[in-house]
Structures are given as structure tokens and as C-alpha cells.
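*Asks:* Take a look at this one; I'll ask things after.
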Amino acid sequence: MRTSNHLIGALNFLTFLLSIPILGGGIWLSSRANNTDCLQFLQWPLIIIGVSIMVVSLAGFAGACYRNTFLIRLYLVVMFFIIAVLIGFIIFAYVVTDKGSGRTVMNRGYMDYYLEDYSGWLEERVASNSYWGKISSCVRDSKVCATMGRTVGGVPEASDMFFRRKLTPVQSGCCKPPTDCGYVYQNETVWNLGSGLMGSNLDCNRWSNDQQQLCYACDSCKAGVLASLKKSWRKVSVINIIVMIILVIVYIIAYAAYRNNRRIDNDESYGEARMTKSQPSTFHF
């Protein structure tokens, strides 16, 4: 029994360590939300799951150290539900960030982003006027467009140099007009009307050289935010899947160790009962 308790304690310590990447992923997404993604609702469930695993693991570790059956049972029951929630959340995050990607533009190092390439619950939430007002303000306050500027010899870089740059989805969608609009480059966030016909894209009329406006009201900006969110969640989801698989394996081993403890306890109780019955009765006259 002592060996099984040591194993359960070690496994609980391992699950405590595994909670750190989950919690760290949620905190990283939270910092991304303050910088470029500006969506602050998907990371909170991840942070809550990470903290829950950490707390439950400590309870299980204490139960194993002090041979407290109640704490070990509590660990097994609560951890089962946490793993189920984590699996469900990973599936949900993949589903809502599944569709959509940037479109390659000829002779450009960056991609253009279109809202019609995205669909589903997340797209509807981001595209809604009430919610987009908060997101666009967040993007504007993050200064992501203001930091795009580069100079060569004290003057803004030439158009051919800018066209070769690898812009982030938010920079491409929010800080410049869509390429098919035909605007002429002056610098990273100032574009003038060309001599040709303007494209049919509705974002062409939404673009403004006002540095407080730019393309923050554009569908391309919404698509850029969605693409940025998808990119961030793909990175975190890989870690979450690996951690989830390890958690399931650890849980199975911990449950087997707990069952072994129960069997040993039952055998010891049964053996003591038999020894008590086998002892001869003593009569006093």
C-alpha cells in the first residue's frame, strides 16, 4: 500500500507540473489579446482549467502523502471531469477557428484577408457591430499599425521593399487597404487613390489615411483578427493536446494504483477478520 501511495503522490506531482503549460498557454493568449488578437474570452476557460488541475493535483498529492482516502477519491473524480472539459474545450477551439486563411497576392510577400473566407460562431461574434467596436478599439490602442514604419536613410522605405515584407494578419488587414482596391503606396499607412478604377471590394471605400481610422472599419481587419487568433490557438492547441494525452495516461495509472490500494486494504481487513475468528475462545471459571 505504501508503494501505491508513493506512486499516486508522484503522479499527482506530475499532473501539477502538467498544469503549468496549460496555465501558461492561457496567460500567453491573454497577453496576445492585449497586443494584437484583442479577443479576451477564449483564454479564460484555459486559465481556469490550468488552475483547477493545479489545485486538484495538490489535493491528491496531500491525500497520497497523508494516506487520506477522501482526498484521493476527490482527486480522481474531479480530475475526470477536468480532463473531459479540457477535451471538449480543445475540440471547441479547433471548430471555431477551423475555417479561413489568407489569400496569396501576386508579387507580394504578405497575404490579404477576406471576411467571407470565414464562417461560424466566432466569425459571427467578431463581425457583429456591437462586439467589433470593442475589438477595433483594442487594435487601435495596441499601436500595431503605428509600429509598422521603417525608414531607409531617414526616408520611408520604397514600395518594392514594403511589398516584400511578411506582414502579420492584423497588419495586412487593418493597416493598409486591400490590394485589389488599387491604392498607390506612399508609406506603410498612407495610400493614395490610383488613376485606375477602384475595385468592387466594399473595403475600398472604408479605407482612410486618418491614422485613427485606417481600415479598422474594414471587413479585412475583422478577417485579420480572426486569422491572428487562429494562428495563436493552433500553437497553444498543440501543447494542450500533448498535455491532455499525458493527463489521460497519468489518470489511468493513478486510478489503477488507487484500485490496488483498495484491494490491499480489503485483503488486510479480510485477513484480520479470519485471524480473529480462528483464535480459540478463553473461558474463565
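*Asks:* Taking Phe163 as meeting all but one of (1) touching a Gly at 6+ places or on another chain (Cβ under 9 Å); (2) within 22 Å of Lys230 (Cβ to Cβ); (3) open to solvent by 10 Å² or more (accessible area, probe 1.4 Å); (4) among the hydrophobic types (A, V, I, L, M, F, W, C), write down the number of the exception.
*Replies:* (2)
*Asks:* Which condition from (1) out of contact with any Leu (no Cβ under 8 Å at 6 or more places or on another chain); (2) open to solvent by 30 Å² or more (accessible area, probe 1.4 Å); (3) closer than 24 Å to Gly25 by Cα is the one that Val144 breaks?
*Replies:* So the condition that Val144 fails would be (2).
*Asks:* Between Arg32, Arg2, which is modelled with pLDDT under 85, of a type in the set (Lys, Arg) and within 16 Å of the chain's Cα centre (by Cα)?
*Replies:* One residue alone meets the criteria, Arg32.
*Asks:* Is there a residue being farther than 18 Å from Ser228 by Cα, open to solvent by 30 Å² or more (accessible area, probe 1.4 Å) and of a type in the set (A, V, I, L, M, F, W, C) anywhere in region 120-137?
*Replies:* no
*Asks:* Residues in region 173-225 that are among the acidic types (Asp, Glu) and open to solvent by less than 20 Å² (accessible area, probe 1.4 Å): how many? If you could, list the steps in order and put the result at the bottom.
*Replies:* Of the residues in region 173-225, the ones among the acidic types (Asp, Glu) are 180, 188, 203, 210, 219.
Applying the additional criterion that residues be open to solvent by less than 20 Å² (accessible area, probe 1.4 Å) yields 188, 203.
Total meeting the criteria: 2.
*Asks:* Which pairs do you get when a residue that is more than 18 Å from Tyr110 (Cβ to Cβ), found in region 146-164, comes within reach of a residue that is open to solvent by less than 70 Å² (accessible area, probe 1.4 Å) and assigned to a loop (DSSP other than H, G, I, E, B), reach meaning Cβ atoms under 7 angstrom, with the pair 6+ apart or on two chains?
*Replies:* Taking only residues 6 or more apart or on different chains, the pairs are Thr151/Glu157.
*Asks:* Let me ask you something else. Tell me, which residue of region 74-95 that is more than 11 Å from Met244 (Cβ to Cβ) and under 12 Å from the mean Cα position of the chain (by Cα) is surrounded by the most Cβ atoms within 10 Å (Cβ to Cβ)?
*Replies:* The residue in question is Ala93.
The values are calculated or read from the model by the stated rules, or taken from the named source; none is laboratory data. This is a predicted model, so every value here is computed, not measured. Methodologically, a virtual Cβ is constructed for each residue, glycine included, from the backbone with ideal geometry; neighbour enumeration extends over all protein chains shown. Side chains are part of the model used for accessible areas, which takes the heavy atoms of the whole protein and leaves out ligands, DNA and RNA. Shrake-Rupley method; radii C 1.70, N 1.55, O 1.52, S 1.80 Å.
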